[in-house]
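Undergrad: Take this structure, written in structure tokens, and hold onto it; I'll ask about it next.
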Amino acid sequence: MTTLLLPSLLLIIGLALLVWSSDIFIDGAASVAKHLSISPLVIGVVVLGFGTSMPEVVVAALASLDNSPGLAVGNAIGSNIANIGLVLGVTALITPILVKSSILKRELSLLLAISFGVYLLILDNELSRIDGGILVTLLFATMYWMIKANKSIDPTDPIATETEHEIEEIQALSLQKSYFYLIGGLIVLMISAKMMVNGAVEIAHFFEVPEVVIGLTIIAIGTSLPELAAAISAARKNEADLMIGNIVGSNLFNILAVLAVPALLAPSVLDVDVMPFDYPIMLGFTIAMLLLALPLFGKAVINRPKGFILTVGFISYLVLLYFRSVQ
């Protein structure tokens, strides 16, 4: 077991640095955007919504360059499952979530539509460069729609006021310090992601489990920790709509950007269980989130019982993964 010591340390230290550097990177990116007088709602969509997925993007890029595309694919799909089952579920257990923003209903529907569309795209069990190009095109189209939609919403919409409040709370940094946070955070993010990838690959080889399983579990949960921290913080400040918006944005980015990385850098055949098992489970969690966010008797409340169901569902998925990997 001594051979596991170094990979485990790399994974744990890399994970800690990843969470820390992700916060630094987002603060720097948001502060730079504020100095450039970019609209708060645009910052909310691009930086707060998609910025929390930077760990997944960096991990996917490094894993693909390290000839471990399965780790990258598992990270993308597993992170989406973790964002809903773990992040949304645990947050709802801490405090009930009342969804009020009208735009979130459209964004949730968009997430579900894109999730099904990408499922059809990779139903041939391959990630090709053509698939990568289609995913990147969809990413930019989605970002354009979300920015345009957010600019046109009522200023009194809960997600608009919550986003502006969240941006106001970002520490005031000089432009020079903002760039230092942005670039420094990205550099540490890359170093920590490399540590995580190296440790995860070694652990996968030691236990003789597919790399995609490590990506679906350890790496996915690790890269979802920034979303969990942001979600709990937002929920405690009664910013439920912003929290749901961040999860939706992160999941969209995972499907379109993170999956595009291995497709472009290391085209490959998907793990045999991804399409019949893991991706449909991700779709199931996405449908569950959409149904939970629909208004019932005028309100859309994700209460503690619903949070419990999501959390139990996530734990059950991990148990299924375990039994699958030991067969």
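Undergrad: Give me the distance between the Cα centres of segment 97-126 and segment 266-290, rounded to whole Å.
TA: The distance from the Cα centre of segment 97-126 to that of segment 266-290 comes to 13 Å.
Undergrad: Among ALA29, ALA141, ALA234, whose mean-square fluctuation peaks in a Gaussian network model of the chain (Cα, cutoff 10 Å)?
TA: Of ALA29, ALA141, ALA234, the most mobile in the Gaussian network model is ALA141.
Undergrad: In addition: With only alpha-carbon pairs counted, each pair once and no self-pairs, how large is the Kirkwood hydrodynamic radius of segment 1-153 in angstroms?
TA: 18.1 Å
Undergrad: Another question about this same structure. Calculated from DSSP H runs of 4 or more alone, at -39500 (n - 2.57) each and per residue, what is the 222 nm mean residue ellipticity of the chain, nearest 500?
TA: Only helices count here, giving -23500 deg cm²/dmol.
Undergrad: Just LEU62, LEU252, LEU110 to compare: in a GNM of the chain, with alpha carbon springs under 10 Å, which one fluctuates most?
TA: LEU110
Undergrad: With respect to the cross-link table entries LYS105/LYS194; LYS177/LYS306; LYS148/LYS237, which display a Cα-Cα separation exceeding 31 Å?
TA: Too far apart for the 31 Å limit: LYS105/LYS194; LYS177/LYS306.
Undergrad: Under a GNM of the chain (C-alpha, springs under 10 Å), which listed residue has the highest mean-square fluctuation: PHE253, PHE180, PHE206?
TA: In this elastic network of the chain, the residue with the biggest mean-square fluctuation among PHE253, PHE180, PHE206 is PHE206.
Undergrad: Could you tell me how far the Cα centroid of segment 144-187 sits from the Cα centroid of segment 204-261, in Å?
TA: When both Cα centres are located, 20 Å separates them.
Undergrad: Which log10 I(q)/I(0) values, to two decimals, does segment 200-327 give at q = 0.10, 0.13, 0.15, 0.23 Å⁻¹ under the Debye formula with one point per Cα?
TA: -0.40, -0.66, -0.87, -1.66
Undergrad: So who's got an amide H within less than 5 Å of the one on ALA300, skipping anything under 5 residues away but keeping other chains? H placed 1.01 Å off N, in plane.
TA: For ALA300, whose amide H was placed from the backbone, the distant partners under 5 Å are VAL99.
Undergrad: On to the next question. Which one, ALA257, LEU321, GLY284, is farthest towards the positive end of the dipole of segment 194-327 when Lys and Arg carry +1 and Asp and Glu -1 on their Cβ?
TA: Highest projection toward the positive end goes to GLY284.
Undergrad: I'd like to verify something in the chain: which complete DSSP H helices, judged by Cα projection on the helix axis, reach 18 Å or more and average at least 0.5 on the Kyte-Doolittle scale?
TA: Details: long enough: 5-35 (45 Å, 1.49); 69-82 (19 Å, 0.84); 102-121 (29 Å, 1.42); 129-151 (33 Å, 0.68); 175-207 (47 Å, 1.16); 220-236 (24 Å, 0.89); 240-253 (20 Å, 1.09); 279-292 (20 Å, 2.04); 304-325 (31 Å, 0.95).
Result, helices passing both filters: 5-35, 69-82, 102-121, 129-151, 175-207, 220-236, 240-253, 279-292, 304-325.
Undergrad: Beyond 13 Å, what percent of the Cα pairs of segment 116-160 remain?
TA: Taking all Cα-Cα pairs of segment 116-160, the fraction more than 13 Å apart is 65 percent.
Undergrad: Moving to a separate point now. Given the chain reduced to its alpha-carbon atoms as identical point scatterers, what log10 I(q)/I(0) does the Debye formula return at q = 0.07, 0.08 Å⁻¹?
TA: Ignoring solvent entirely, the Cα scatterers give -0.25, -0.33.
All of the numbers you see were taken from the coordinates with simple rules; none came from a lab. A quick note: this is a predicted structure, and the numbers were derived from the prediction, not measured. Note that we place each Cβ from the backbone using ideal geometry, even for glycine, and neighbour counts take in every protein chain shown.
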